[in-house]
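Input: a single structure, listed below in structure tokens.
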Amino acid sequence: MTRTSPVVDSTASSQPRSTAQVLTAAVANLRERQDSRGWWKGDLDTNVTMDAEDLLMRGFLGIRSAGETEEAARWIRSQQREDGSWAVYHGGPGELSTTVEAWVALRLAGDAADAAHLVRAAEFVRANGGLERTRVFTRIWLAMFGLWSWDDLPHLPPELIFFPKWFPFNIYDWGCWARQTIVPLTIVCTLRPVRSLPFGVDELRTGAAALRPEAAPAPPWTWAGLFQRTDRVLHAYSRRPVRPLRRAAMRRVAEWILARQEADGCWGGIQPPWVYSILALHLLGYSLDHPSLRAGIAGLEGFILRENTPDGWVRRLEACQSPVWDT
């Protein structure tokens, strides 16, 4: 389809000069923002769980530096709301699990529990159910540092990797990035690592019973009931697994993870599978000097944004990047 010149001329002549100036400025702005390799990518704003979990991962691996910690902690503090909480999205309400992860990360960074900002955060957490009402992913991070019991978490056996695609609960029932998150988590949740921290989280507890899936049994014919019973079976199996099958499954999971690492070192181009894949390989005995882990950790630097603010340099991690979307 071609356009005739009268249409183009008519459109151009009807534009006020101010509109033309705005368009010219917009085009110039876009050209300035274009990467030298031809694409565009804007910064992706995410909540502080990305930065909290990055600090926790680096602490777990023993690679957390003072400079990175200071800059990330400064960013996390800058995002705290007046009520002491942190939100999931910009301008949103305070959210329990996000606030718990931010509190733990700031304690790891050296902030005192009785510092005013952490006191307000702890008050928000307790008022909204405490640790006992946090999400599963938050509890996994807590368990990795001995702050939550692994027994209170769903069990994900690595033997799931052997389920064929027609079998219920096979890994291909999940979407791509969810699948690449669940598979490495089968290793983390099976090996149940603990790295002790020099502080606790009693300030965040209410003393109430933890919210557990089996607390309110669902009818067996419902999906909730099926998941509850499946979880009980998996917990029972995890206590007495078939050892040769377990070893074979863990080897297969490692191969599966390694085969899906991208050229830039990431997994899935997004934070959750990336971080958990690094942790899983590390727990399976891969050295931090192994090419895959070295590339994975180094690749995170490409997702780091740094900015000089009136309070000093801040460091934050993008959950993913969008050159294809933006271009």
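Read the figures in this text as sums done on the coordinates, not as results from a lab. As the structure is a prediction and not an experimental result, all values here were calculated from the model. Here the Cβ positions follow ideal geometry from the backbone for every residue, glycine too, while neighbour counts run over all protein chains shown.
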task: With runs of 4+ DSSP H residues as the only contributors, calculate the mean residue ellipticity of the chain at 222 nm using -39,500 (n - 2.57) per run, divided by the residue total and rounded to the nearest 500.
output: -15500 deg cm²/dmol
statement: Residue by residue through region 96-102, the couplings from Karplus 6.51 cos²θ - 1.76 cosθ + 1.60 with θ = phi - 60°, in Hz, x for Gly and Pro, are 4, 5, 4, 5, 4, 5, 5
Over region 47-192, equivalent-ellipsoid semi-axes from the Cα gyration tensor in Å: 30, 17, 14
- line: Using alpha carbon centers only, region 95-170 is separated from region 66-88 by a whole-angstrom value of 17
message: On C-alpha positions alone, give me the angle between the axis of helix 243-259 and the longest principal axis of the chain, in degrees, nearest 10.
response: 10
Average projection area in nm² (convex hull over Cα atoms of region 49-326, one quarter of hull surface): 16.3
- prompt: Got a sec? How would VAL125, VAL104 order by Cβ neighbour count within 10 Å, fewest to most?
  reply: VAL104, VAL125
field: Length-normalised contact order of the chain in % [C-alpha pairs under 8 Å, at least 6 apart]
entry: 22
message: Just to be sure I understand: with springs between alpha-carbon atoms less than 10 Å apart, which residue in TRP39, TRP177, TRP148 has the highest mean-square fluctuation in the Gaussian network model of the chain?
response: TRP39
- prompt: Taking the Cα centre of the chain as origin and charging only Cβ (+1 Lys, Arg; -1 Asp, Glu), how large is the dipole, in debye to the nearest 20?
  reply: 1200
query: What order do you get for ASP264, ASP311 when you list them from fewest to most C-beta neighbours inside 10 Å?
result: ASP311, ASP264
message: Could you list HIS290, HIS155, HIS90 so that the one with the fewest beta carbons within 10 Å of its beta carbon is first and the one with the most is last?
response: HIS90, HIS290, HIS155
message: Which residues does the label zone of ASP311 cover in region 78-100, counting backbone N under 13 Å from a point 7 Å along Cα→Cβ?
response: 78-82, 84-86
